[in-house]
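Below is one structure, written out as structure tokens, with a few remarks after it.
The values are calculated or read from the model by the stated rules, or taken from the named source; none is laboratory data. Owing to the predicted nature of the structure, the values given are computational and were not obtained by experimental measurement. Glycine also receives a Cβ, built like all others from the backbone with ideal geometry; neighbour counts cover every protein chain displayed.
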Amino acid sequence: MERTSHEQERYADGLFGHAVPTELERLRLLESLLDGATRARLAALGLKPGDAVLEVGGGAGSVARWMAGQGARVTVTDLDTTFLTGLVDEGVTVLRHDLFTDDFPPGSFDVIHTRYVVMHLPEPDVAVARLANWLKPGGVLLLEEPATFPTEDSPHPAYRAAMRAFRAYLELSVGSDTSWARSLPVPLERAGLTGIGHHARIQPVKGGDAEARWWVLNLEQARAGMVAAGLATDAEIDAACAELVSPGFHDLSLAVLTAWGRRPG
Ligand SMILES: C[S@@+](CC[C@H](N)C(=O)[O-])C[C@H]1O[C@@H](n2cnc3c(N)ncnc32)[C@H](O)[C@@H]1O
């Protein structure tokens, strides 16, 4: 599928590019924050040895590694496979592959999982339909995506302002839709999946914890761009980062929206 000019992929070379010095730390923090719930959901959905599994946008690779450890036959993709190459020695197939433009044959996988990827694509609903098409009959798609709404009415002014600026910058620079996850699980139903399930939780954040450190890295990676775009000043970003390392700081971070469904048959 060719992209039109307004649909250019803007993730790989931007603020989350894998060449950014803190990007591996940012991805590893994300894994430490999310993997427990992801593993539990995959196990509950019946992941089993021998399953043909696709992990899309694998990032630093912990979910792909865990699924391979469960005996699944795992393929992991990403726009940039720099942090995934070590998985080849663990029997995982690593592919440089763009969810939006590159294909798999229909009916290839028993399980497909993707996390914090689809919202960054130009047409997230189209991406869901593509993922659904790659499932074998009876296969399951598990999607986990964040939404920013819990940060919008934070009682902490500096954090609230920085979150708003970051959201705007993400939309401006990457083209991400930070509220798309609120539409779940409807895109899975529209893609023809059945047995739909849906879950939501909100990540807490406490000054100095892993979630807070993850936000500091996000803000630092976006700092120059946010300032240049007039979305925040250095002083405002400094104030938010100071809150995020303060032991007395307690707030809400992102909502994590999870949806799953099976291909009929
Ligand atoms: C926020 S990270 C999440 C990484 C991993 N899924 C996790 O949750 O730990 C998003 C990942 O998706 C990848 N990505 C972004 N757009 C993609 C696309 N169109 N196709 C495949 N991967 C993509 C990025 O390179 C990055 O590694």
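The residues of segment 175-210 that are closer than 28 Å to P21 by Cβ and surrounded by fewer than 20 Cβ atoms within 10 Å (Cβ to Cβ), listed by number, are G175, Q203, P204, K206, G207, G208, D209, A210.
Mind checking whether some residue in segment 53-71 is within 13 Å of the ligand (Cβ to nearest atom), β-branched (V, I, T) and in contact with an Asp or Glu (Cβ under 7 Å, 6 or more places away or on another chain)?
Yes, segment 53-71 has at least one match.
Somewhere in segment 9-31, is a residue without any contact (Cβ under 8 Å) to a residue 24 or more places away in the chain and not in a loop (DSSP other than H, G, I, E, B)? Looking for residues that are without any contact (Cβ under 8 Å) to a residue 24 or more places away in the chain and not in a loop (DSSP other than H, G, I, E, B), one finds none in segment 9-31, hence no.
Residue by residue, here is whether (1) within 19 Å of V205 (Cβ to Cβ); (2) touching a Pro at 6+ places or on another chain (Cβ under 9 Å); (3) within 11 Å of the ligand (Cβ to nearest atom) holds:
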| position | (1), (2), (3) |
| --- | --- |
| V117 | no, no, yes |
| L121 | no, no, yes |
| P124 | no, yes, yes |
| A129 | no, yes, no |
| N133 | no, yes, no |
| L142 | no, no, no |
| T148 | yes, no, no |
| E152 | yes, no, no |
| P157 | yes, no, no |
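Just checking, does segment 206-219 include any residue being within 16 Å of the ligand (Cβ to nearest atom), on the phi > 0 side of the Ramachandran plot and either without any contact (Cβ under 8 Å) to a residue 40 or more places away in the chain or not acidic (D, E) (or both)? Scanning segment 206-219 turns up no residue that is within 16 Å of the ligand (Cβ to nearest atom), on the phi > 0 side of the Ramachandran plot and either without any contact (Cβ under 8 Å) to a residue 40 or more places away in the chain or not acidic (D, E) (or both).
In the set (1) modelled with pLDDT of 95 or more; (2) surrounded by fewer than 21 Cβ atoms within 10 Å (Cβ to Cβ), the condition left unmet by T77 is number (2).
In segment 33-54, the condition of being under 17 Å from the mean Cα position of the chain (by Cα) and part of a strand (DSSP E or B) is met by at least one residue. Meeting the requirement of 2 or more residues that are among the hydrophobic types (A, V, I, L, M, F, W, C), the helices (runs of 4 or more DSSP H) wholly within segment 99-197 are 124-133, 157-173, 186-190.
Quick test for you: out of T93, T151, T114, pick the one residue that is β-branched (V, I, T), free of Cβ contacts under 8 Å to residues at least 40 places away in the same chain and closer than 27 Å to R28 by Cβ.
T93
Checking every residue in segment 76-84 against the condition of being in contact (Cβ under 8 Å) with a residue 60 or more places away in the chain and part of a helix (DSSP H, G or I) gives zero matches. Give the number of residues within segment 117-174 that are modelled with pLDDT under 95, surrounded by fewer than 17 Cβ atoms within 10 Å (Cβ to Cβ) and touching a Gly at 6+ places or on another chain (Cβ under 9 Å). Going through segment 117-174 one residue at a time, the tally reaches 1.
Against the test of being modelled with pLDDT under 95, more than 8 Å from the ligand (Cβ to nearest atom) and surrounded by 16 or more Cβ atoms within 10 Å (Cβ to Cβ), the options L33, L29, L15 yield a single qualifying residue, L15.
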